[in-house]
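What follows is a single structure, written as structure tokens, with notes after it.
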Amino acid sequence: MRKKALLIGIGITAIVYALAFSYIFLISPIILEQGVPWIGSIVPVQIKELPIVRDIVAGVEKGYISNWFEKELSKKAKYKENEVCGECHKEYLDLIISSNHSSLACESCHGVGEEHSKLRTAWSIVVDRSRDACMSCHLNVSGREAIVTVDENHYPGVKCVVCHDAHDPLSISWSEGS
Amino acid sequence: MATGDSLREAIFVGLMIVLICIGAFGVIQMHTEPIVPIEPFESAIGIPWRLLVATYLFFVLSGLCIIASLSEVFGIKKFTAIADEALILSLVTVVVGLTVIALDLERVERGAYATLGHVNAGSVMFWMIMFYIIEVVLLIIEMWFHFRNRLLKQCEERGLRGIFAKIVTLRFLRLKFLEDERLNHEIAVVMGFATLFTAIIAYSNLGALFAANYLPAWHGPLLPILFVVTAVVTGSSLSIITTVASDWVRGDVLKRYESLQALKFLLGFALIVQAFFVGWKMLITAYPTAGELASKAMAAYITGKFAFNFWIIEVGIGMLIPLLLLVSPAGKSISGILLAAILAITGIIFSRIDLVLGGQVVKLISGVNVGNTPIHPFEVMTAIGAGALVVLLYYVLYKLLPVEVEHEA
Amino acid sequence: MKRRDFLKSVLILPGLSLLASLGKEGVSYAMVVDVSKCIGCGKCVVACKIENDVPKEMPISRTWIEGYSADYSSPYSRTQVQKVVMNTTENPFIKMKWKYKTVFYVPKLCNQCSSAPCVQVCPVYARFYTKEGVVLVDKDSCIGCKYCVTACPYGATFVHPEQKVTDKCTFCYHRISKGLKPACVLVCPTGARKFGNINDKNSEVYRLLKESRVAVLKPEMGTYPRVFYINLDTTVVE
């Protein structure tokens with residue numbers, strides 16, 4: 001093995017490795033921006049001033065390190081708080097606040113109200129009067145200690161809202177005779 | 001060349017192209033709306049890495065670098081006759097492997113951001129890509145120097161081979177000092193060392209990629225070593241298969257008997273080490289003290305869903321039968337060695353699938369229950385296409401490069 | 001604020017970010033889940049899927065409910081557990097015939113680890129911490145390698161079938177940054193989920209963390225989650 005061959009071979013290897021590593025540690029925008037952990041910026045200011053490098057860093061701001069953070073922030077919230085519904089449905093909000101359903105959000109029964117609060121139409125919101133709607137919370141399946149449950153034999157066949165007001169469930173509009 | 005030969009070659013190439021087209025169809029179907037309405041081709045079902053990752057593992061862990069370097073770097077003369085083919089095949093497998101994993105990505109085109117430096121230098125996967133790219137670059141440089149002397153001679157030839165040689169040797173640059181035959185050879189040796197070094201880093205880094213996960217079947221210190229060892233198994237068996245195949249095509253099967261015998265020893269040795277590591281990994285993971293989940297994960301292999309794959313194919317067909325074949329009198333004949341190599345490769349392919357899919361069966365998570373390990377028909381098509389691509393590229397390079405098998409004659 | 005600004009404000013070694021934010025005046029979000037209050041109604045899953053555009057019929061969700069039914073015995077390894085997951089808008093618990101007597105429901109979501117494996121493994125830096133400690137997915141640079149899916153010990157990450165990138169709970173970052181509650185917290189009828197700023201002495205999570213004994217999932221993973229559980233059962237921790 002001659003020295004020349006060794007030199008050339010090792011030289012090529014070193015160049016390949018150096019290119020790859022310097023690419024990460026010097027060119028990579030994140031490292032340019034933040035520096036190496038614990039050591040800080042390892043890139044001299046002069047290099048940062050080079051036009052190519054400046055382009056890359058500028059590109060970071062423009063997009064290819066995307067501005068996802070702003071995008072995440074600019075997403076619209078679809079679910080509204082109760083107060084938003086209350087702006088137009090004051091009577092229901094007042095009703096529900098003082099009832100046993102006070103901990104419930106309007107939208108856990110009525111579905112998402114994003115569209116509805118813009119359109120204000122009846123069809124843009126769900127009004128589910130079925131027994132299943134109430135039973136999704138109140139059926140006495142196992143593991144529901146945290147809520148007052150009823151079984152299927154609680155006046156079967158009659159919709160819950162016939163007797164209970166959904167927004168004030170304990171005001172029962174039913175008497176033994178009817 | 002006889003017309004029968006060229007007809008056969010045309011049929012072979014055509015077949016490979018058809019298979020590649022099938023693979024391409026599979027890829028397109030994977031990433032676009034499938035024609036056949038099927039369950040979405042997503043990891044939603046709970047197994048994010050599937051057949052394509054296994055294929056990738058198989059290809060990039062081909063270990064042919066190691067086989068090629070045995071003669072080049074370590075100067076073991078018996079392996080000289082197969083070094084050329086091993087080099088070509090190692091380049092082809094790694095490149096196709098990387099292609100496969102790129103196709104498995106959900107958004108390959110985003111790689112552009114990454115090339116501009118949007119990378120996380122703390123990620124094992126990033127280093128995996130990095131090291132494999134370095135390996136490919138070094139491998140190409142090594143091959144350039146390795147074949148350079150013969151390519152320079154090939155420049156005189158007419159036709160495609162001549163043109164190819166003229167282009168890749170960069171003869172028009174008139175690099176006088178690189179026409180020294182001994183120098184070229186010696187540089188190739190140094191580069192071979194560098195490639196081997198990078199390859200081993202890449203293999204063990206790939207092992208770490210899996211082992212660093214929290215999945216109990218993968219987690220552990222043994223996976224990187226196991227990957228290097230199985231790479232040797234893959235490399236020697238692939239080398240045996242290609243050697244016998246190309247000798248058979250050329251019509252002189254006994255030509256490289258010595259090399260095959262040497263490869264046989266390598267394969268046997270690697271199989272024994274592999275068996276030991278597989279057993280050991282199994283043991284320390286399945287042993288009750290390793291924890292509930294770890295033993296549950298191993299139960300998938302020992303008695304569960306992957307038991308057949310593991311015991312029959314991986315252990316039986318992949319390790320025991322080849323070992324028995326190699327030590328038995330059949331190991332003296334070429335067909336015996338070839339059979340052992342094919343069986344070992346089958347075992348390796350299944351062990352890759354088992355590792356990737358089986359590792360994810362028992363997740364540490366309780367959220368997404370993993371019931372089944374679906375292998376999608378489109379994935380199978382893609383894997384077949386990748387295999388055909390390897391064969392075709394190997395064939396093309398074999399035709400273009402001045403491969404020499406005459407060393408022993 | 002620009003992303004690079006807060007990237008700067010977060011230490012690269014992730015584990016320290018929680019330490020750095022604790023005790024400081026800044027905002028540090030956390031969720032406290034009271035397992036005993038969960039009734040398995042599944043409103044949170046529905047709300048989350050709608051709020052965050054996750055396909056409703058697919059068995060993937062940013063938050064999901066696990067129903068457990070357990071038969072404890074000693075030694076513990078003989079304990080039998082049946083587990084059913086609700087991760088579509090369909091609620092399996094209503095018609096469920098549980099095998100064992102003890103039944104409880106555990107809402108789960110991304111734990112917003114302070115030392116998150118997914119942030120560590122992402123090869124393209126598509127996951128990052130905000131200065132409040134929330135882990136976000138940069139869906140513009142995610143390449144979909146799915147390493148985070150395998151790396152997450154909680155199984156909270158998945159591939160979004162339509163967007164073709166990974167997705168996970170962000171604590172509804174777009175909501176909480178406007179001062180709203182996360183969607184799941186909003187619709188929870190029994191108040192099993194509580195969300196707030198730990199550094200705010202008046203917040204409910206601060207009170208809960210001070211008053212009750214909390215557990216985190218898989219503490220042995222060293223991920224330091226931001227989701228705390230009250231009344232957590234051992235069968236859940238696994």
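The values are calculated or read from the model by the stated rules, or taken from the named source; none is laboratory data. The structure presented is a predicted model; accordingly, all values stated were derived computationally and were not measured. We place every Cβ from the backbone using ideal geometry, glycine too, and count neighbours over all the protein chains shown. Ligands, DNA and RNA are stripped out before the accessible areas are found, and what is left, the full protein with its side chains, is counted by its heavy atoms. Shrake-Rupley method; radii C 1.70, N 1.55, O 1.52, S 1.80 Å.
Data overview
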| item | result |
| --- | --- |
| Qualifying residues in the stretch A:75-129 (those that are small (Gly, Ala, Ser) and open to solvent by 40 Å² or more (accessible area, probe 1.4 Å)) - the one nearest to C:Lys181 (Cα to Cα) | A:Ser103 |
| Count - residues of the stretch C:213-238 that are free of Cβ contacts under 8 Å to residues at least 40 places away in the same chain, within 17 Å of C:Ser36 (Cβ to Cβ) and in a loop (DSSP other than H, G, I, E, B) | 1 |
| Options B:Ile384, B:Ile348, B:Ile342: the member that is more than 14 Å from chain C (Cβ to nearest Cβ), open to solvent by 30 Å² or more (accessible area, probe 1.4 Å), closer than 30 Å to B:Val327 by Cα and at pLDDT 85 or above | B:Ile342 |
| Count of residues meeting criterion [within 28 Å of C:Val185 (Cβ to Cβ), at the interface with chain B (Cβ under 9 Å from one of its Cβ atoms) and open to solvent by 10 Å² or more (accessible area, probe 1.4 Å)] in the stretch C:65-83 | 1 |
| The listed residue being modelled with pLDDT under 85 and at the interface with chain A (Cβ under 10 Å from one of its Cβ atoms), out of C:Lys97, C:Lys2 | C:Lys2 |
| Count of residues meeting criterion [among the polar types (S, T, N, Q) and closer than 25 Å to A:Phe69 by Cα] in the stretch C:176-211 | 3 |
| Matching option when the condition is open to solvent by 40 Å² or more (accessible area, probe 1.4 Å), among the basic types (Lys, Arg) and closer than 28 Å to C:Cys148 by Cβ, among C:Lys56, C:Lys37 | C:Lys56 |
| Lone unmet requirement of (1) in a helix (DSSP H, G or I); (2) of a type outside the set (S, T, N, Q); (3) touching a residue at least 40 places away in the same chain (Cβ under 8 Å); (4) surrounded by 15 or more Cβ atoms within 10 Å (Cβ to Cβ) for B:Trp218 | (1) |
| Which numbered condition A:Gln46 misses (of (1) within 14 Å of chain B (Cβ to nearest Cβ); (2) open to solvent by 60 Å² or more (accessible area, probe 1.4 Å); (3) modelled with pLDDT under 90) | (1) |
| Qualifying residue in the stretch C:174-188 (condition: within 14 Å of chain B (Cβ to nearest Cβ), open to solvent by 10 Å² or more (accessible area, probe 1.4 Å) and touching a Lys or Arg at 6+ places or on another chain (Cβ under 9 Å)) | no |
| Residue tally, condition out of contact with any strand residue (DSSP E or B) (no Cβ under 9 Å at 6 or more places or on another chain), within 7 Å of chain B (Cβ to nearest Cβ) and at negative phi, over the stretch C:123-146 | 4 |
| Flag for A:Ala5 being in contact with a Leu (Cβ under 6 Å, 6 or more places away or on another chain), modelled with pLDDT of 60 or more, at the interface with chain B (Cβ under 8 Å from one of its Cβ atoms) and more than 30 Å from A:Gly113 (Cβ to Cβ) | yes |
| Every pair of residues 6+ apart whose Cβ atoms lie under 7 Å, when the first sits in the stretch C:192-205 and is touching a residue at least 12 places away in the same chain (Cβ under 8 Å) and outside any strand (DSSP E or B) while the second is polar (S, T, N, Q) and open to solvent by less than 40 Å² (accessible area, probe 1.4 Å) | C:Ile198/C:Ser28; C:Asn199/C:Ser28 |
| Those helices (runs of 4 or more DSSP H) lying entirely in the stretch B:103-215 with at least 2 residues within 14 Å of chain C (Cβ to nearest Cβ) and open to solvent by less than 60 Å² (accessible area, probe 1.4 Å) | B:111-115, B:124-154, B:181-211 |
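Table: residues versus (1) polar (S, T, N, Q); (2) under 29 Å from the mean Cα position of the chain (by Cα); (3) within 19 Å of A:Lys3 (Cβ to Cβ).
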{"site": "B:Ile140", "(1), (2), (3)": "no, yes, no"}
{"site": "B:Met143", "(1), (2), (3)": "no, yes, no"}
{"site": "B:His146", "(1), (2), (3)": "no, yes, no"}
{"site": "B:Lys153", "(1), (2), (3)": "no, no, no"}
{"site": "B:Gly162", "(1), (2), (3)": "no, no, no"}
{"site": "B:Arg171", "(1), (2), (3)": "no, no, no"}
{"site": "B:Glu186", "(1), (2), (3)": "no, yes, yes"}
{"site": "B:Ile201", "(1), (2), (3)": "no, yes, no"}
